[in-house]
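Student: Here it is, the structure in full.
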C-alpha cells in the first residue's frame, strides 16, 4: 500500500533507464497503471486442456472479424437483378442478384477471395462448435456454480447470438441453398400468432423474398450482432479475469487459491501462440477443403430447390425438430395456430434455452447449495447433473440426426416414414435411458475411485500361491491421484421438513419446502461417501500387511 | 497484503490439512521435476534452435506466399490427390499463409514449454464479497442520494417522469412503420386468373395437354409472370404462383378439390409447400406422391393433394384448369385459397 501512496505524491520521480520503461512511465504518469499492470503480468491461470475450448471460441471470433472485414470490401448485399458476366463459365448469362454475383466474384475473380470466404465459413463452424463444447465443459465440471452464474447466462446469450449470426451469414450469398433457408425462416415467422404476418412483412419489406431484406440482414450480420457479441465477450472475459479461473482438484489446489502459471511470460507465449495455431489450422483447412461451394447451387429462385438441402450443422437440430413434429394445426374462430411449426421452431427452443440459462439457479435451488465453488467437480462426482447433461445432449443429438433423415434414408435405402417414426419414438425414450445409464456409470466410477483409495490400484501382476490361490498385487496410488480422488466434498441433501409444526398445526408453506427437500434428496440420491480418514488409515494398514504377505509368498516361490 | 499470502499463513489457505471452505483434504504440491532443457545446456540450445527454425521458416513462407500470389494466375487449375481439381493460386497462397501462421504458434508454444520456467505458482483468491461495512456505506450513499433527489416524496414529479419514460420508446417503434406494407390480402392472392395460360417455368412456352406424357410432370408459371419479369416484385409473385402440372390416367384420380378441375387427367397443383414454403420437387409417378425436399411432407396428387406423411398440415392447393380454343392449358380461375405456409389470419 505504502508504495502506491508515494507514487501519487511524486509522480515523475523515477528515472526510467530503458525505452520500454520510458513508455511505461509515460502511460503511468497519465493512468497510474503500474499496480494494475503488475497484477496483470503476475496473474496466475490454472492449466488444463479443456480450458482451451473457450480460447478456440475467442480466437475463431477474432478470425471471423478479420476475414469478415475483407469480405465486406467486395461483397454487395443488393438484390438488384443482373445478368452474370463474370469468369465462372457455367453461370454466364444467368439472371441473378448482385449479392450472388459479388459472392461469385469474390470466389473467382478476387485473388485470395475464395480463401477469405472459406476461412470465414470454416471459422464460423469452428466458432459455434467451440462455444458448444466449451459450454459442455463448463456444465459437466460445475464451473457455472456460485459465483459464476452471471457469466453462464452471458455464455448462453453468446450461444444464441452465435447461432443467429451464423444463420444470417450463410443466408447472405443469396444462393439456392441459403434462399431456401430464409424461406423456411420466413414461414416460421409467419406462423407466430397474432403478429406473424406483420413481422414478416416489416422484416422483408413486403412479401418474400422482396429486395429489402438482404441489405437489412447485412447490417444485422456485420454490425448489430457482432457488436453485441463483442460487448458480451468482453464482459465474459473481464468476469473470468476478475473472479479468477476455476481449477481442477489436485495437490495444492484449494477453494481459496489458484495454482498454475503466470500470464507473463507463460500464457503470453502459450495463449498467444495458440491463437496462431487456431488461425493457421483454419487457414490450412480453408485452403484444402471446399466449404459452401455456392457456385454449384446456382442463384436463388423461390420455385427451385435442391434435394437433400442441409443447413450448417448448428441449425440441424432445429431442422430436425421441424421434421419430427406431426402435422398438428388448429383453427380457432377463423384463426390458424400452426402447432407443427410453433412447437419445434419456437416453443421447444424457447424452453431449451430458458432452461439452459437458468440451470445454475435451478440446481442451486434444488440442492440448497449456497457456497462458492472454485474447485471444479469431476463429472462422476455430480452424477445427477452429469446424467441430466447427457440426457439433454442425447435429446439434442437425436434432433440433429433427424435433420438428416432424408440423407439417412438414401444412404441406407430405408423408408423415410419409418425413420421419422423411429426418431419420434427415440426422442422420448432415449434421453431418460441415457439419464439412468449415465448415473449408473458415474456411481460405478465413484466406487472404483473409492476402491483405488482404499486398496490401491491393480498392478496387473498376478501371483499363484502354492495353495493354488490366485492373488493380484495392489499398490497404493500416488499422492497426486490421492489428492484428486479425495477432493470430493460430502453433500448434505436438504432435510425433509414436517408438514405440521410443534403444536400440530398444519404449515401452509410446508408443501413447497417438502417438494424442494425431495428434489434435493433426489439430486443427491445414491450418493457414495468418500472414505473417512479412519477408513483410509485402516485400509493403508491392511494394504501394507497384504503387500508383506505377497512379498513373502514371492520369496517362497523364488526359493523353490 | 501480498496476493501470494494467505490469512492463515498456510500457502494453500488450509488449516490442519483441510480446505478452509470445503473441508476437503489438502495435499502439498508435488515437488518440481526439472526438464532436460533446465539442466542440460545442450538440450536448451537444441530447443532454442528448434524454435528459431520455426520462426525462420514462417518468414520464408510469407515470402513464398507473396510470390505465389503474384506469379500463379488465378485461373490455373491443378489436380491434387484426394482433394481433386482446385485453383492453384488459392491452394498455394492458403497453404503458405496457413503454415506460416501455424509455425509462429507452434514455435511460441514450444518456447514456453521447453525454455520458460514450468514451476507452478500459487496465488490466493480474493474475496468476491464486500465487507459488511462497505455494503452499508453503499446503502447509506444510495439512501442519501434518493432522499436528496426527493424522488419518493415528490409524487407528481415521479409519476409524470415515469409516464414520460414509458412513452419515450413509442417514436422508436413508430419510426419502424415504413419497414414494410401491412399484410393486407397479399398472402391470399396470386396472379392467376381466369383464362391465364399455363407456361413452362424457364422458357415461358404455352403447354398443350399432349406435351405432357402420361406420368410426366412439368414445372409451370402463369403467362402474365412474363409481364413483370423485370420488375422488382417478380420473385415474390413467382414464389406464390409456381405450379406443377402432372398427367395421370383419369381412372387413377381418386378425388379432386373441385369437380372437373382437371383436363383429361392433367392436374395442376401449387408447387409451394403448405408447411414452410419450400418448392416441392420430388414426384413419384407410380404412387402420384409429391415430396417436399425440405421436411419431407408428402402429398397425394391423385387424392386432392392430401397430406399422407410429414409435418405439413394442409393439402396442396389445386388450380382448376381447362384448355382454350387452340388446346393450350389455361386456368379456370385463380386459386380458391391462399397458397404456401400457414399464417394466423389464414383461417
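Please treat every number below as a calculation from the coordinates, not as lab data. Not measured: the values here are computed from a predicted model. FYI the Cβ positions are ideal-geometry reconstructions off the backbone, even for glycines, and counts take in every protein chain you see.
Student: Using the Cα atoms of the range B:84-226, I'd like the radius of gyration and the largest Cα-Cα distance, Dmax, both in angstrom.
Tutor: Cα only, the range B:84-226: 36.7, 93 Å (Rg, Dmax).
Student: Assuming 0.36 nm per residue, please report the length gained on full extension of the stretch residue A:82 to residue A:39 beyond their Cα-Cα distance.
Tutor: On the way: separation 43, 0.36 × 43 = 15.48 nm, distance 5.88 nm.
Going from the current span to full extension adds 9.6 nm.
Student: Next question, about the same structure. I need the per residue convex hull volume for the range B:190-347, using only the alpha carbons, in cubic angstrom as a whole number.
Tutor: Working: hull volume 17.4 nm³, N = 158.
In the range B:190-347, the Cα hull volume divided by residue count equals 110 Å³.
Student: Take the range A:330-431, compute every pairwise Cα distance, and split them into 5 Å bins from 0; I just need the percent in each bin.
Tutor: Values per bin, smallest distances first: 2, 9, 13, 18, 15, 12, 11, 9, 5, 3, 2, 0.
Student: If you fit an axis through the alpha-carbon atoms of helix A:149-171 and take the longest principal axis of the Cα set of chain A, what angle between them do you get, 0 to 90°, nearest 10?
Tutor: 30 degrees
Student: Moving on to the next point. For every helix of n ≥ 4 consecutive DSSP H residues, a contribution of -39,500 (n - 2.57) applies; sum these over chain B, divide by its total residues, and give [θ] at 222 nm rounded to the nearest 500 deg cm²/dmol.
Tutor: Values: 7 runs with 107 residues, N = 347.
Taking each H run of at least 4 residues, the total per residue is -10000 deg cm²/dmol.
Student: Still on this structure, please answer the following. Of all the C-alpha pairs in the range A:424-484, what % are more than 17 Å from each other? Before the final figure, lay out each step's value.
Tutor: Working: 1125 of 1830 pairs.
Here the tail beyond 17 Å accounts for 61 percent of pairs.
Student: OK, next. Considering Cα pairs under 8 angstrom that are at least six residues apart, work out the relative contact order of chain B and quote it in whole percent. Show your work: numbers first, answer last.
Tutor: Details: 492 pairs, mean separation 40.8, N = 347.
Taking the mean separation of contacting Cα pairs over the length of chain B, I get 12 percent.
Student: Here's another thing I want to ask about it. Using only the alpha carbons of the range A:201-334, determine the length spanned along each of the three principal axes and report them from longest to shortest in whole angstroms.
Tutor: Sorted from largest, the Cα extents of the range A:201-334 read 67, 47, 30 Å.
Student: Which translational diffusion coefficient, to the nearest whole µm²/s, is obtained for chain B from the Stokes-Einstein equation, given a Kirkwood hydrodynamic radius over C-alpha pairs, 20 °C and 1.002 mPa s?
Tutor: Working: Rh = 29.9 Å.
Translational D for this selection: 72 µm²/s.
Student: When all C-alpha to C-alpha distances in the range B:74-115 are sorted into bins of 10 Å, what percent of pairs does each bin hold, rounded to whole numbers?
Tutor: Using 10 Å bins, I get a P(r) of 26, 33, 22, 16, 3 for the range B:74-115.
Student: Ok, one more. Using alpha-carbon positions, what is the distance between the centroids of the range B:64-139 and the range A:175-242, in Å?
Tutor: Distance between centres, Cα-based: 30 Å.
Student: Compute the Rg to Rh ratio over the range A:35-89 from the alpha carbon atoms, using the Kirkwood formula for Rh, and round to two decimal places.
Tutor: Details: Rg = 21.5 Å, Rh = 16.1 Å.
Using Cα coordinates only, the ratio equals 1.34.
Student: Taking 8 Å as the Cα distance limit and 6 or more residues as the minimum spacing, I'd like the relative contact order of the range A:44-310 as a percentage. Intermediate values should be presented prior to the final figure.
Tutor: Details: 295 pairs, mean separation 83.9, N = 267.
In percent, rounded to a whole number, it is 31.
Student: What's log10 of I(q)/I(0) for the range A:376-454 at q = 0.14, 0.18 Å⁻¹, Debye sum over Cα points only, no solvent?
Tutor: Debye output, listed in q order: -0.58, -0.75.
Student: Consider all pairwise Cα distances in chain A and report the whole-number % of them above 38 Å. Please report the intermediate quantities before stating the final value.
Tutor: Details: 76564 of 156520 pairs.
More than 38 Å apart: 49 percent of the Cα pairs in chain A.
Student: Here is a further query. Suppose only helical runs count, i.e. DSSP H with n ≥ 4. What mean residue ellipticity at 222 nm does that imply for chain A under -39500 (n - 2.57) per run, divided by all residues and rounded to the nearest 500 deg cm²/dmol?
Tutor: Working: 22 runs with 338 residues, N = 560.
Helix contribution divided over all residues of chain A: -20000 deg cm²/dmol.
Student: With the contact rule set at Cα under 8 Å and sequence spacing of 6 or more, what percent relative contact order holds for chain A? Mind showing how you got there, number by number?
Tutor: Numbers: 666 pairs, mean separation 86.9, N = 560.
The value is 16 percent.
Student: Moving on. Once you place label points 7 Å from the Cα toward the Cβ at residue A:547 and residue A:393, how far apart are they in nm?
Tutor: Here the modelled spin labels are 3.7 nm apart.
Student: I would also like to ask the following. Let me check I have the definition right: for the range A:437-560, take the eigenvalues of the Cα gyration tensor, multiply each by 5, take square roots. What are those semi-axes in whole Å, largest first? Present the calculation step by step, with values, prior to reporting the outcome.
Tutor: Details: eigenvalues 452, 39, 34 Å².
Working through the eigenvalues yields semi-axes of 48, 14, 13 Å.
Student: Turning to a different aspect of this structure: State the dimensionless ratio Rg/Rh of the range B:36-114 (Rg: radius of gyration of Cα atoms; Rh: Kirkwood radius).
Tutor: Numbers: Rg = 17.0 Å, Rh = 14.3 Å.
Radius of gyration over Kirkwood radius for the range B:36-114 works out to 1.19.
Student: Considering every pair of different Cα atoms, what Kirkwood radius, in Å, is found for the range A:44-310? Spell out each step's value before the answer.
Tutor: Working: mean 1/r = 0.0486 Å⁻¹.
One over the average 1/r among Cα pairs gives 20.6 Å for the range A:44-310.
Student: Using r as the Cβ-Cβ distance of residue B:137 and residue A:264, and R0 as 25 Å, what FRET efficiency do you calculate, to the nearest 0.05?
Tutor: Values: r = 35 Å, r/R0 = 1.41.
Computed FRET efficiency for residue B:137 and residue A:264: 0.10.
Student: Could I ask something else about it? So which residue, out of B:174, B:323, B:51, gets the largest mean-square fluctuation from a GNM of chain B using Cα contacts under 10 Å as springs?
Tutor: B:51
Student: Length gain on complete extension for the stretch residue A:447 to residue A:230, per 0.36 nm per residue less the alpha carbon to alpha carbon distance?
Tutor: Values: separation 217, 0.36 × 217 = 78.12 nm, distance 4.47 nm.
Extra length from residue A:447 to residue A:230 when fully extended: 73.6 nm.
Student: Hey, how much of the P(r) for the range A:247-293 falls beyond 15 Å, as a percent of Cα pairs? Could the numbers behind the result be given before it?
Tutor: Numbers: 702 of 1081 pairs.
That fraction is 65 percent.
Student: Starting from 0 in steps of 10 Å, tell me what percent of the Cα-Cα pairs of the range A:160-268 lands in each bin.
Tutor: 12, 29, 21, 14, 14, 11, 1
Student: For a protection proxy built on the mean count of beta-carbon atoms within 10 angstrom, sort A:96-103, A:18-25 highest first, please.
Tutor: On the way: A:96-103: 24.6, A:18-25: 11.6.
In descending order of packing, they fall as A:96-103, A:18-25.
Student: Inside 10 Å of the C-beta atoms of A:189-196, what's the mean count of C-beta atoms belonging to other chains? Mind showing how you got there, number by number?
Tutor: On the way: counts 2, 11, 7, 2, 2, 2, 1, 6.
Whole-number average of other-chain Cβ neighbours for A:189-196 is 4.
Student: On the Cα set of the range A:286-369, report Rg and Dmax in Å, please.
Tutor: Both quantities, over Cα of the range A:286-369: 19.6, 57 Å.
Student: Based only on the alpha carbon positions, what is the Kirkwood hydrodynamic radius of the range B:117-200, in angstrom?
Tutor: Working: mean 1/r = 0.0468 Å⁻¹.
Computed over Cα pairs of the range B:117-200, the Kirkwood hydrodynamic radius comes out at 21.4 Å.
Student: Cα-based Rg of the range A:118-194 per 2.2 N^0.38 Å, rounded to two decimals?
Tutor: Values: Rg = 16.1 Å, N = 77, 2.2 N^0.38 = 11.5 Å.
Taking N as the residue count of the range A:118-194, the ratio is 1.40.
Student: Taking chain B as a Gaussian network, Cα atoms linked when under 10 Å apart, which of B:77, B:235, B:167 shows the biggest mean-square fluctuation?
Tutor: B:77
Student: Just to verify a number: FRET efficiency for residue B:204 and residue A:331, C-beta to C-beta distance, R0 = 41 Å, to 0.05? Please report the intermediate quantities before stating the final value.
Tutor: Details: r = 38 Å, r/R0 = 0.93.
E between residue B:204 and residue A:331, to the nearest 0.05, is 0.60.
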